[in-house]
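The values are calculated or read from the model by the stated rules, or taken from the named source; none is laboratory data. In this text, all values refer to a predicted model and were calculated from it rather than measured experimentally. Don't worry about glycine lacking a Cβ; one is built from the backbone with ideal geometry, like all the others, and counts go over all protein chains shown. Ligands, DNA and RNA are excluded from the accessible area calculation, which covers all protein heavy atoms including side chains. Shrake-Rupley method; radii C 1.70, N 1.55, O 1.52, S 1.80 Å.
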Amino acid sequence: MNVHYHFNKHPEDEGLTFGNIVLHQIGDLFCKYNTVIDQHTQTCAELTCVISGKGVTKINGKEYPLIPGEINVVFPGDSHEIISDSVDPLRYYFVGFSILESHPLYRALDEFKKKHASGERFFSDTLNIRGCASNALAELYTPNDFSQILIETYITQILVYTLQSFRNVYPTYQPDLNDKKKLAFSMANFIDKNIESIRSINDVYRNFGYSASYLSHIFSDGVGKSPSEYLHHARMELALRLLKQNGSVTRTAELLGYSSIHPFCRAFRKKFKCPPSSYINN
């Protein structure tokens, strides 16, 4: 097991305080084959964000699969265990925290905990919680004069995004024409902001709560292309930026969520009329 960075303080210790948030642990963990995080009882809330690999987690005796792009939450008192795969080992971020009653999100998180106390607490990372955790880690690893403010901001974003991801109350009214245009714009903005973590157009549909056919119709009318076309275009533009940054076709395909370089190369060639290797060389 290799921990790239790990801050760890038990809840009974002081931890690190950022405004009304207490950070007890945060880290980037590269598991080895069959690594086991032994069963333990949670003493603070903890969020796990799977970056790559596979494994299982056991929460209160029930086993759940862990896959890339997925988030799960455990609460104080939960029994928790993580087991890495024997072939494709896990890598994940973890954030252990508690918040004070004076925090604006305290009541919402308490209600969230009660509502999901005995249910599954898993969701897709469509809001880029992974990016927030990575940014918080970077600030802890190389602190500067603004790190205190930034870390509080990143952790607050994680809490808000978690609550947003679990919300189950969606609008039931039919928007007028103006609201339809706003909805199309909001979808495009959501894709642009979260393109690195969106794996399929269904991630976008789930975020807005309407049926796929309704959202597709609204988006096509407002933007002039289907949501899938817009998403594909945005991903290919991201591919150009990634290829410039890392110069690796394999790494770029991996970051974009392709199962191998072959489907990525086909999509790239279809879009830009040349293979990604030629783009790098030129």
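Sorting the segments 64-74, 44-54, 126-136 by their mean number of nearby beta carbons within 10 angstrom, highest to lowest, gives 126-136, 44-54, 64-74. With unit charges on the beta carbons (Lys and Arg positive, Asp and Glu negative) and the dipole taken about the Cα centre of the chain, which residue among THR57, ASN135, CYS265 sits farthest to the positive side? Farthest along the dipole direction, towards plus: CYS265. For the chain, the C-alpha radius of gyration sits at 1.08 times the compact-globule guess of 2.2 N^0.38 Å, with N the residue count. Straight Cα distances below 29 angstrom link LYS270 to the lysines LYS193, LYS225, LYS244, with same-chain residues fewer than 8 positions distant left out. Solvent-accessible area of segment 1-157 (1.4 angstrom probe, protein heavy atoms only): carbon and sulfur portion equals 50 percent. Taking all protein chains into account, the per residue accessible area for the chain stands at 54 Å² (1.4 Å probe). Since only PHE190, SER118, LEU150 are under comparison, the one whose Cα sits farthest along the positive direction of the charge dipole of the chain, derived from C-beta charges on Lys, Arg, Asp and Glu, is PHE190. Helix content alone sets the calculated 222 nm mean residue ellipticity of the chain: runs of n ≥ 4 DSSP H residues at -39500 (n - 2.57) each, divided across all residues, give -14000 deg cm²/dmol.
Within a straight-line Cα-Cα reach of under 27 Å, LYS115 can be paired with the following lysines, leaving aside sequence neighbours fewer than 8 residues apart in one chain: LYS58, LYS62. Based on DSSP H assignment, which helices of the chain show an axial Cα extent of at least 24 Å together with a mean Kyte-Doolittle hydropathy greater than or equal to 0.5? Long hydrophobic helices here: 147-166. Contact order for segment 1-116, expressed relative to its length and based on alpha carbon pairs under 8 Å spaced 6+ residues apart, stands at 32 percent.
Around the Cα centre of the chain, unit charges on the Cβ atoms of Lys, Arg, Asp and Glu (plus for the first two, minus for the last two) sum to a dipole of about 1380 debye.
LEU238 sits among other residues whose Cβ lies under 14 Å from its own Cβ, and their net charge, with Lys and Arg +1 and Asp and Glu -1, is +3. Near HIS80: Cβ cut-off under 9 Å, other residues only, Lys/Arg at +1 and Asp/Glu at -1. The net charge is -2.
Put simply, when 223-230, 158-165 are sorted by average Cβ atoms within 10 angstrom per residue, most first, you get 158-165, 223-230. For segment 78-235, a simple Cβ point-charge model (Lys and Arg +1, Asp and Glu -1, everything else neutral) yields a dipole of about 460 debye relative to the Cα centre. With contacts taken as Cα pairs under 8 Å and at least 6 residues apart, the chain reaches a relative contact order of 13 percent.
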